[in-house]
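Chemist: Quick one: the structure is below, questions incoming.
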Amino acid sequence: MLPIYPAVSYIRIISQGGRTKPWLVLVNTPNGIKPYVVKMFRSDELEREPVLNEILGNVLAKEFDLPVPEAALIEMDENFRMSIKDPTALEILDLVDERPKFGSSLIEGNYLFNTSFKKNQTSRMIEIDTLFAFDVLIRNKDRNSFKPNLLVTGNSAILIDHELGFEINENTINQLDALHINNQAFKYHICLLR
């Protein structure tokens, strides 16, 4: 079970955060006030269960001994919502529901994985065989050469963004029934780069 922490202060929208427009928020943890990156999924995106996918991806990655940020569910109560003055953030708030949001601890001093890294460089940062098996297991075709979803800090890489994993639909079931798994989904996976 993930801990649930209250948001206490909005800092900013993370500009390089992609389509989910994550927020940098200070949250109250048992160890004091800490910065968290909070995913702001729109209400119309919730049919795919992105919060559940993030939680499952984070928990399963730990089971595979793959590094992920500490995760929590972040509550944004009325006082927190009323304290926000940023007009763009207020627009985003209008598009999301009031349920707790998925958040992960801010990884300071990171940069996005560079897909020009060679395989041997990547294997020094993370167990690439395990990473590939993990992404195949959760059907996460979102970690690819166009969008690696790995943060590099020092000599290690940290997995982020699992919301598009767990793509199990009628087509997936039919492929499994026919024992024909779509390898094209992982054609550009970062572990297959030369």
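The values are calculated or read from the model by the stated rules, or taken from the named source; none is laboratory data. The shown structure was predicted, so the numbers you read here are calculated from the model rather than taken from an experiment. Cβ atoms come from the backbone with ideal geometry, glycine included; neighbour counts cover every protein chain shown.
Residue-wise test of (1) surrounded by 17 or more Cβ atoms within 10 Å (Cβ to Cβ); (2) in the same structural domain as THR130 (by TED's automatic domain parsing); (3) in contact with a strand residue (DSSP E or B) (Cβ under 9 Å, 6 or more places away or on another chain).
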position	(1), (2), (3)
ILE13	no, no, yes
ASP44	no, no, no
GLU54	yes, no, yes
GLU78	no, no, no
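Chemist: To continue, here is another question. Within region 60-80, track down each residue that is assigned to a helix (DSSP H, G or I), in contact (Cβ under 8 Å) with a residue 40 or more places away in the chain and within 15 Å of the chain's Cα centre (by Cα).
Modeler: Across region 60-80, the qualifying residues are LEU60, ALA61.
Chemist: Another question about this same structure. Assuming GLU91 fulfils every condition listed in (1) in contact (Cβ under 8 Å) with a residue 60 or more places away in the chain; (2) surrounded by fewer than 16 Cβ atoms within 10 Å (Cβ to Cβ) apart from one, which condition is it?
Modeler: Only one criterion is unmet by GLU91, namely (1).
Chemist: Right, next: In region 95-123, what count of residues is obtained for those that are assigned to a helix (DSSP H, G or I), surrounded by fewer than 18 Cβ atoms within 10 Å (Cβ to Cβ) and either polar (S, T, N, Q) or modelled with pLDDT of 90 or more (or both)?
Modeler: Selection size over region 95-123: 3.
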